[in-house]
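Below is one structure, written out as structure tokens; comments come after it.
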């Protein structure tokens, strides 16, 4: 197991290197640059600015300089939000993104697995259809519809919660963003759980458990859930990375801090250092969480453990 | 919870009743929400502004968006500053003299200090300008000061170039211009012309703009900037006129999602939104008329025609394309967002100008316009057998798309086949810069309130910003003469003549004048709609 973990970590380094390289060149291949805008800059000023950001050097040289900098932990200054370095921007936004993301994923896990199991145990009944119907809606209704709706209902009409804002991180400001982030995940996890639970409940070892005379509750909790959770666990890796790196929709609608916005805005602004920064964070998270998922998989699946 | 109860479906009902846990959870959430909804008492006067974009920097030399300059205008005081009605008024300079030839300005600096108590001097202004112009600074807006002697040479890195600005003593600043430019005073309200606290920059370098280091000479000081969320400014007690500043704190919330910003305004969480979600304008007119403010804004939305690409060198074709655009239909039926049909390039009300020179056919009926357009096209050799074909480019945005489709259909009426092509803003403007287009949508918002700031877009010497590559000797000559003219009235006449040439030649098809669209709470006092759309917090107050 330790050897396996070590091997996986070793693969992570070249993977990360490839991600950085591809992202760097793809970003530069996109037409238009950070200073192409409605108001065209006079040529001498454009020259000055490019020199100030090292953008006047040959691309390969820029790449080598960049690699050298990130090895020293220097992600450089943002081009468009000039008063902050990329590291400062990520450090300022990441705690909020992680908080919102983790809360949402925990919420999604509790409700998703709960609802999915409940539906599977009542397979093909009205309850099952109701839960899965709602889950389907949850998946189908995009965040950018759900978030303003929540804000309108709970903020404007009912005045129960702030419509948006962060308020220094007060709990009341976080409730709606967390719910909006969690809802699609609840729906997806519920469907996944139901599907695999139905399958597990028909498997031989469950039949054996029942034949031994175990109570249904114990059969489900002790035996079935473990097996049914496997697909959910493998889904959780990328899903957690996705919600923890923020969401442009949630951040822009609820005015919450986070790094999700930078994925979109920095790319559109051609803020090269910031794009690279968030891509690296995302890649590291994905690699780490996938690694974690593999480890948990080993614990959950007796077949893998013996291999 | 009544809203939810009303919208519940039978299916959801089944779920709710069957899940005891869900009901318990709902009860807990509902009770905690009621607890959380109590609002904090506000002892101070706090102005909460919805700003439609993230600030770029608190350093005036690195600001090029209006969303950021709203913040820097509250923190820094230029030699002149915006008054309550957007007109330039005395700021850091308490008075000034202009020489006979209009080329030398002498400013008397007001006795005032930076927020740390260090006096503001004439040298602080010169240092600011020199920093802005130094090539290694890489300031985007450096060209705005090119009117000062030597400025352009310094910015281009010419050896031995010297700036035409001298500190006669600590409180007297003399500035020499390359030409009599009556707009120079208005230009001094712009962030590029602000003084900088040399002592702070020397001490902290690039980090001087961090909240813990920054010093300012304006009415407000940066307290915190949370990226993606807000920038909070608090009253600067060292400001020379602090006694007359009513609002204690101003918070600029960044919002690119305009509907979300509007929802916050509706919920009473914002006092101002500096932009509205245009597609909801009719709803706003019906329901929030007392807060909605639509006012002329110093900007023009236009279509550039690349005149050095065949067949667009032919004025008859350009004029026909312009004639065929039904501007009223675009503003009133297609966009419906309050814009004003444009028949000139300089918006009415622009400073140092008077009445703009409109196209000669401004008051002609649309049917007559179409007939004339067809005639002109026929003369140029185009007709049903040989239709004129080209591509109209625009940057991807809903209103641009609606305009482009409308224009395409209007041109169809005169037998013109326009293809539409849209690209993301960065790509669109990069292509415009190198002239890789036939017709393209563009826009211009004035940097300072003067007709020259619109008309220069048609001058040959303007270079890449002259998207149309308009090259007209008469126009250039008139603009040059206007630049050398120190008498305001004669200068305006020369520019009006230049605009008349431009309107006859139509390298740019004016479509509509921009308007500012915002929500301003009736609680706010002192808000005066104005064309530069400047509303410094120091002039405002909040009623209880």
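Each value in this text was obtained by applying a stated rule to the coordinates, not by laboratory testing. Just so it is clear, the model here is predicted, and its values are computed rather than measured. Quick reminder, even Gly has a Cβ in these numbers, built from the backbone with ideal geometry, and neighbours come from all protein chains shown.
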Angle between the Cα long axis of helix A:126-140 and the longest principal axis of chain A, 0 to 90 degrees, nearest 10?
-> 10
The Rg/Rh figure for the range B:103-200, Cα atoms and Kirkwood Rh, to two decimals is 0.95
When chain A is treated as a GNM, springs tying every alpha-carbon pair under 10 Å, which of A:247, A:97, A:203 comes out with the largest mean-square fluctuation?
-> A:203
How big is the C-alpha Rg of chain B next to the rule-of-thumb value 2.2 N^0.38 Å, as a ratio?
-> 1.10
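How high is the FRET efficiency from residue A:110 to residue B:385, r the C-beta distance, R0 56 Å, rounded to 0.05? Walk me through the numbers before you get to the answer.
Numbers: r = 72 Å, r/R0 = 1.28.
Using R0 = 56 Å, I get an efficiency of 0.20.
Jot down the per residue volume, in cubic angstrom and as a whole number, of the convex hull over the alpha-carbon atoms of the range B:270-358. Let's see the in-between values first.
Numbers: hull volume 13.5 nm³, N = 89.
Roughly 152 Å³ of hull volume per residue.
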What is the Cα centroid distance between the range B:321-345 and the range A:47-63, reported in whole angstrom?
-> 43
Tell me, what are the semi-axes, in whole angstrom and largest first, of the equivalent ellipsoid of the range A:174-307 as set by the roots of 5 times the Cα gyration tensor eigenvalues?
-> 39, 18, 9
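Taking beta carbons within 10 Å but only from partner chains, what does the mean come to for residues A:158-169?
Details: counts 8, 5, 9, 5, 6, 11, 11, 9, 5, 3, 3, 1.
Partner Cβ neighbours, averaged per residue: 6.
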Which translational diffusion coefficient, to the nearest whole µm²/s, is obtained for chain A from the Stokes-Einstein equation, given a Kirkwood hydrodynamic radius over C-alpha pairs, 37 °C and 0.692 mPa s?
-> 148
Please give the FRET efficiency for residue A:15 paired with residue B:408, using the beta carbon to beta carbon distance and R0 = 60 Å, rounded to the nearest 0.05.
-> 0.80
At residue B:332 and residue B:282, where each label point lies 7 Å from the Cα along Cα→Cβ, what is the point-to-point distance in nanometres?
-> 1.5
Debye calc, one equal point scatterer per Cα of the protein assembly as shown, no solvent, log10 I(q)/I(0) at q = 0.04, 0.05, 0.08, 0.09 1/Å comes to -0.22, -0.34, -0.83, -1.02
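With viscosity set to 1.567 mPa s at 4 °C, what whole-number translational diffusion coefficient in µm²/s follows for the range A:1-42 from Stokes-Einstein and a Kirkwood radius over Cα pairs?
Values: Rh = 13.4 Å.
It diffuses with D of about 97 µm²/s by this estimate.
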Once both label points are put 7 Å beyond Cα along the C-beta direction, the residue B:396-residue A:291 separation in nm becomes 3.6
Residue A:211 and residue B:493 label points (each 7 Å along its Cα→Cβ direction) are spaced in nm at 11.0
Just for the Cα atoms in the range B:346-441, what are the lengths along the principal axes, largest first, rounded to whole Å?
-> 42, 38, 25
Reduced to Cα centres, the span from the range B:160-223 to the range A:139-181 in Å works out to 43
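Under Stokes-Einstein, with the Kirkwood radius over Cα pairs standing in for Rh, what whole-number D in µm²/s applies to the range B:327-400 at 25 °C and 0.890 mPa s? Please report the intermediate quantities before stating the final value.
On the way: Rh = 15.4 Å.
Approximately 159 µm²/s, per Stokes-Einstein.
Compute the normalised compactness of the range B:298-514: alpha-carbon radius of gyration over 2.2 N^0.38 Å, N being the residue count.
Details: Rg = 16.5 Å, N = 217, 2.2 N^0.38 = 17.0 Å.
Cα-based Rg divided by the globular estimate yields 0.97.
From the helices alone, meaning DSSP H stretches of at least four residues, give me the mean residue ellipticity at 222 nm for chain A, per-run term -39500 (n - 2.57), in deg cm²/dmol to the nearest 500. Before the final figure, lay out each step's value.
Working: 13 runs with 220 residues, N = 307.
Calculated mean residue ellipticity at 222 nm is -24000 deg cm²/dmol.
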When you look at the Cβ of every residue in B:421-429, what mean number of other chain Cβ atoms sits within 10 Å?
-> 5
Could you calculate, for the range B:423-502, the ratio of the Cα radius of gyration to the Kirkwood radius, expressed as Rg to Rh?
-> 1.03
Note: residue B:170 to residue B:541 extended length (0.36 nm per residue) minus current alpha-carbon separation gives 130.1 nm
